[in-house]
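Taking it in order: structure first as structure tokens, then the write-up.
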Amino acid sequence: MALSVLRKEICKQFSVKKAPIFVSRCASSDARTLPEDLPTHTGQKYDKNDYRMARFVQGVKHINPSPAIELIHNVPPEPKPDRIVSCNGGGGPLGHPKVYINLDKPGNHTCGYCGLRFYKDDHHH
């Protein structure tokens, strides 16, 4: 009974809709005691009888809800008037080595380091 009160308090404190699963140290390998296996950003998901799920019996499998590739994909491509642009990932200590990207061909061109996209904005004067 004390465990259910603890679960309710944790849910209230962290605004969790579903109560977290607590498993004792002497848990058997029964599938009912294993936590739910959520797919990763690559789609990896273990079978419920897979021995690799044992590592998550006493811990939580942390899955990033918004992988970086989705965040980069949400950034619109930048129009550039020049044929060649440089990208350094924002510069400074958090950037990446400076690369030059040729925009001669039509369409989006992606930086190989950070994934930002550029395209040539053709203005005929």
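None of the figures in this text is laboratory data; all of them are computed from the coordinates on show. As the structure is a prediction and not an experimental result, all values here were calculated from the model. Virtual Cβ from ideal backbone geometry, glycine too; neighbours counted across all protein chains shown.
Amide H contacts of E78 (H built 1.01 Å from N, in plane; Pro and chain starts excluded): R117, F118, Y119 sit under 5 Å, all sequence-distant by 5 or more or on other chains.
Going from the residue with the fewest nearby Cβ atoms within 10 Å to the one with the most, K120, K45 rank K45, K120. For segment 110-122, the Karplus equation 6.51 cos²θ - 1.76 cosθ + 1.60, evaluated at θ = phi - 60°, returns couplings of 9, 6, x, 8, 9, x, 5, 10, 9, 8, 7, 8, 7 Hz by residue, with Gly and Pro reported as x.
Model label sites at A54 and E78, defined 7 Å from Cα along the beta-carbon direction, differ in position by 5.0 nm.
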